[in-house]
Every structure is written in structure tokens, then in C-alpha cells.
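Single-structure report; data block below.
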């Protein structure tokens, strides 16, 4: 069968390779592993490790600070008194992480095109889809893990500080799951968008500039267009026990808040006989619950409705907010953690059913992936 | 059963829009070192890329060891490719790069590391293995390019203009490395070049491409054997020497300072010696002149 000429032994001895050849699957694994190593800067100089370390610090440092403060102030007595809820943690780091990912991710695609390394891959047992998938997954896995570390640290801190860690852990395993899911949602976003842009820019700096500039400009512009600029308002105060009718009025206010951000915002301060005062921003159920819990002495409602309107009509604004790159992941983590929207323009999203946010998020992931694929299709094999 | 040839082009045609890069060519390549010779734009790179599966043929088939790399991804495991253009990453060292490339070719990690180290030794990169490739000289980069093409110990490597951009010294070193890869390592090689001298010095077989067509093919020795003539180089009295040869019944012609004699048998040598003495021609040197590929190339096809 084989008619290979008998190779002579060359000085130190060239040896033919008779070991296993694992073909395409090995090629895929190798491309993925190399992508992970490149993202983390392993096997490269010290400078290549700066950005992954910064990303890690971005994820972890806020959690460390929050926990430190919690310990120092001793305010942490149980889950109920968490200084920062998990759902609020993700938005803290979202923008900075997008900026860092915008600088890091293009490194996985652009040098291979610029240096023509791509042609060396394509004559090996891998096709362009293998290459793209391996690179995408590599960055996704690394960012997801890094993004998860911060909230995991925070959650674990809360569990350990709760006094009864074991019992607490059993109550929070769902939250651990939620953290991983939220981190994956953010990881996918941090991968899809910068890689999608990097597929089209000839230099890494351009890709980073587009990601960072785009994120900052778009998110600032949308914020400016949809946020009411100023609040005016009137205050109604009653100093007697409130009636059922008044509670119904309160509920109406609450509904108004949910449906018309910027047009009306209602805050209830309910003072109980015990002297405890509670503020309610949005939940009529909670108001009702509190009112049933004791006899109420004071009911204060502040209506913000007469202030200036946001520049963009909320009917348009409710759609525009989906285009905010820093918001896309927050909508998802808000869903995951059933977080209360404190940011007015993001409340616009809560006008829609939940799956609208999911569709918008999916578009943020799938469109860049599609364009990346379209750009690379000309590398035929 | 006969093993399929290493490379087989069957009515292979490649068209880029209106430009016909390869025009219905059919040829096979077997073991050994094969030169793909032709001027720039003759279709050499196109042919190589078709065999590698980097391009899809417009018509016909380009088969490597009986498979079509364009369709059969795993068939590429036994092929190596050294592109003409730059193709190296700058930020990693040669050791890391070659190990990675061996793995992408399908070798498990441990074996890939061993092969990378061996290959670097064979191409003479041993002492530079931990420097990043961006700092290498052109000659060293060219060695890395060759190393990545053979790191997985392919059956066949395709080298696209391996000496492009090298100075004469680097060119000789690279050709020497190509010869060693082919002869000592036992890896069959197809390499393209527009320089006939390179192909003649290095190759066993030759395929000449011109304007998308194969104009000649065969073994290099086949091209040059049986055409041996004896060149008698004298400093003066050329005509006298030719006359003296003629009187001995030997036909001779003149080419510059040389008097050319068709060499048929050893007996001529004695007659030539006599003629030299008779003509008082100051002999500079006497050597067999083999026909050069350059002449074949100039004269056109010759069977």
C-alpha cells in the first residue's frame, strides 16, 4: 500500500510520528484551549495579563468592599439586611466589564486575520465554524467565570455572616444557581458584542474604541432621552388612620407608577403605631400587607407628576431602552433576581411582558454572532 | 491495490470572475520533491490552494491521497502548508506556537510538545525557541513557517515560494532545509518557485505551469540527461581547435569561449587532447555541460 521512501536517519535523528491523530475534535479542543490561554494572557508576557486581572478585580473588588463594610458596621444580621442585593450587584460592574471585554475580546480574532494565522488553521482539520465557535466559547467561559466570582463572593459572604451558614446555604442554593445564570447571560453579551465588532475592524484599537464609545454614547444618549430631567411634586399628608378608600387610591397611584415612569412616581411612607416608618416605592401588595399588620397612624403619599417630561415620549422610550448596550444584560439579571427597578428609564422595560426583555437580549447576542459568521464566511473552509 | 497518488489534478479549472487562473489541467505528483515552476501569475499558488482545500475548484477535482480536502476535513491531517505570505503570530514563542499547531493538526498535547521540540531542532531553531516570534529575523521566521508545516509529520507538504524575500544566503539555507526535509525526513514536498535554478537544484520532479496550463512535466534528470556535451574552454585559438577537431572527424561548435563537442564515447577524449596540442590552444578547463532547465524553459516543450 504505502510507497513512502525509506527515510534516512538524519544526524540527531528525524523520527516519523506514528502516534494517534485525533483529527477535527482535537483541533477544536486545541483552538478552544488556545483561546482561553490567550484571553488570560497565559504563555505570553506580563502585559497580556493586565486586562484579565483588571476584569477579575472589577468583578471581585466591589463585593469585597461591600462585605468589609458589612463586617465593620456589624449591620449584617441575616439575609434580610443584605446591604446590596445580588440583583443590584451586576449593574454595578456592567459598564466597566463591557469596556474591558471590548479591549480583550478582539485579541482573539484580529491578530489571526492580520497575521494570516487563519490560513494555517484552515489547512488543518478544522473549518471556519470550528474556529469561530472555539474562540467564542473560550471568551464566553472565561468571562462567565470571572463575572460570577464577584457575586459568588458576595453571596458566600452573606451566607457565612448570617450566623447559621448551613441553614442559610440550603435557602440560597437557588441564588447560587441564579448567580451563575446571570453571569452566563452577561458573559455571552460580553463575548458576542465585542467579537461581532472585532470581525469587521482591522485593528484591535478600533474594535475597542467602537465597543467602548458605542456603549458610553448610546447608553448616555438613551438615558438622556428617556430619563425625566427634574422632579417637582406635591405632598399629601394625613395624620389619622387611613381608610379603605384611601388605600384604594394608594393602589391607583402605585399602578400609575408602574405604567407611566416619568409621568408619575408615587412613594408611600406608612407610619405604624409602633413608631416604625416604612417606605414603599412600587409594590401595592407590600403596602397592603403593611397596613394589615397593624393600625396605621400616618399615610404620606408624595406624587411626582408635575415635573418635566422626559425628552422622548415614554411610548417611544419603552422601545428605545432596549437598544441600550449597558441595559441589555441588566434587564436579564433583573428578571432573574426579580429586582425592583430603581432606575426610571429602565422601568420603561417593565411596561412590557418579561419575554420582551428576553427577546431583546437574544437579539443582542444573536445579531453580532450572525454578522461575525457572515464576515468569516468568505474563508471558505 | 495501487495507492492513490499524493496529488492528482483532474481537469482542474479555477476561475476568479473573468480571470482563468487554472485552465483544465491534469497531472499527478508522486513521492519525492516536486517543483511547481512558472512565472508569477501562472497559477502556482492557486493550484496549491486548491489541493489544500483553501479554494474550491470551478471545475474538475484536486485530490490529495485520494481525498478532497475541501470536503474531507480529516484528510488534512497528513498535509502541511507553508504559505508564501507572512502567517506567524507575533506575541507567542516558537515552542508554544508549534505545539499549538501540532494539536490543531490532531496530535494529542504531550505528543505535540515532543514533536514541536524535535521539529525546532531539525530546522535549526533550537536556541530561539523561547523568544517571541515577533523578534525573529526573516530567515528564522521562514524556518518557523517550514516548521509549522512539518510539525505534525505530514505525508506531504506544499511550500508556496519558500525562498521569497530571502537574501541569497538565506535562500541557499532554505533550499538546503527543503532538500533535507524531502530526502532525510522522508516527507514528500511540492514547492512552487518562479526561479528555475532553485527548482533544478532541489527537485526530483518538475511541473511547469504557464498561464494556467501545464506546459511540461517530468523528472529533473529526465529533463537534463542524454544531452551531455563536453565544453572545452580555451582562452584563444578557438577556430584552430575546431579545425583540428574537424580533421579528426569530430564535429564541434563554438559558444563564447567554449568549444562544444557532443560527447559520445571515451575515445573522443584522447582525440580532443591531440587536437588541443595540435591547435596550440591554451586550455582553461574541460567539463561536461548538462543542459540547464533554463534552456528547456526557453526552448519550449521537449519530450
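Bear in mind that the values in this text are calculations on the coordinates, not laboratory data. A quick note: this is a predicted structure, and the numbers were derived from the prediction, not measured. Quick reminder, even Gly has a Cβ in these numbers, built from the backbone with ideal geometry, and neighbours come from all protein chains shown.
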**Asked** Residue separation times 0.36 nm, minus the C-alpha to C-alpha distance between residue A:206 and residue A:359: what's the value?
**Response** 52.2 nm
**Complete:** Exposure-ranked with fewest Cβ neighbours within 10 Å first, A:68, A:33 stand as A:68, A:33
**Fill in**
Rh (Kirkwood, all Cα-Cα pairs) for segment B:20-94, Å, reads 14.1 Å
**Prompt:** Using the alpha-carbon atoms, what tilt in degrees (0 to 90, nearest 10) does helix B:168-183 show relative to the longest principal axis of chain B?
**Reply:** 80 degrees
**Request:** Would you mind getting me the FRET efficiency between residue A:315 and residue B:20? Use the beta-carbon distance for r and R0 = 45 Å, nearest 0.05.
**Result:** 0.15
**Item:** Estimated 222 nm signal from helices in chain B, with DSSP H stretches of n ≥ 4 weighted -39500 (n - 2.57), rounded to 500
**Value:** -10500 deg cm²/dmol
**Item:** Calculated FRET value between residue B:184 and residue B:127, using beta carbons and R₀ = 25 Å, to 0.05
**Value:** 0.75
**Prompt:** Which value in Å is the Kirkwood Rh of chain B over different Cα pairs?
**Reply:** 21.7 Å
**Asked** Comparing B:100, B:122, B:268, which has the greatest mean-square fluctuation in the GNM of chain B with Cα pairs linked when under 10 Å apart?
**Response** B:268
**Fill in**
For segment B:7-224, percent of DSSP beta bridges that are antiparallel (nearest 5) comes out at 55 percent
**Message:** Modelling each spin label as a point 7 Å along the Cα-to-Cβ direction, I'd like the residue B:284/residue A:374 distance in nm, to one decimal.
**Reply:** 6.9 nm
**Asked** On average, how many beta carbons from a partner chain sit within 10 Å of the beta carbon of a residue in A:103-112?
**Response** 1
**Request:** Report the relative contact order of segment B:7-224, percent, no decimals, based on alpha-carbon pairs under 8 angstrom and at least 6 residues apart.
**Result:** 29 percent
**Between 0 and 90°, nearest 10: helix B:238-247 axis offset from chain B longest Cα axis** = 70 degrees
**Prompt:** How far is helix B:109-123 tilted off the main Cα axis of chain B, in degrees rounded to 10, range 0 to 90?
**Reply:** 20 degrees
**Complete:** Per segment A:78-187, sqrt(5λ) over the Cα gyration tensor eigenvalues, sorted largest first, in Å, gives 39, 15, 8
**Message:** Whole angstrom only: what separates the Cα centroid of segment B:150-200 from the Cα centroid of segment B:45-61?
**Reply:** 21 Å
**Message:** Once R0 is set to 35 Å, what does the formula 1/(1 + (r/R0)^6) return for the Cβ-Cβ distance between residue A:216 and residue A:44, expressed as a FRET efficiency to the nearest 0.05?
**Reply:** 0.75
**Fill in**
residue A:114 and residue A:29 label points (each 7 Å along its Cα→Cβ direction) are spaced in nm at 3.2 nm
**Request:** Compare B:274, B:118, B:184 in a GNM of chain B, Cα atoms joined below 10 Å, and give the one with the largest fluctuation.
**Result:** B:274
**Request:** Specify whether the C-alpha gyration tensor of segment B:38-179 places it in the rounded, prolate or oblate class, a ≥ b ≥ c being the square roots of the eigenvalues: rounded for a/c under 1.5, otherwise prolate if a/b is larger than b/c and oblate if not.
**Result:** oblate
**Asked** Using alpha carbon centroids, what distance separates segment B:83-122 and segment A:105-141, in Å?
**Response** 16 Å
**Item:** Simple spin-label estimate for residue B:194 and residue A:165 in nanometres, 7 Å along Cα-Cβ
**Value:** 7.2 nm
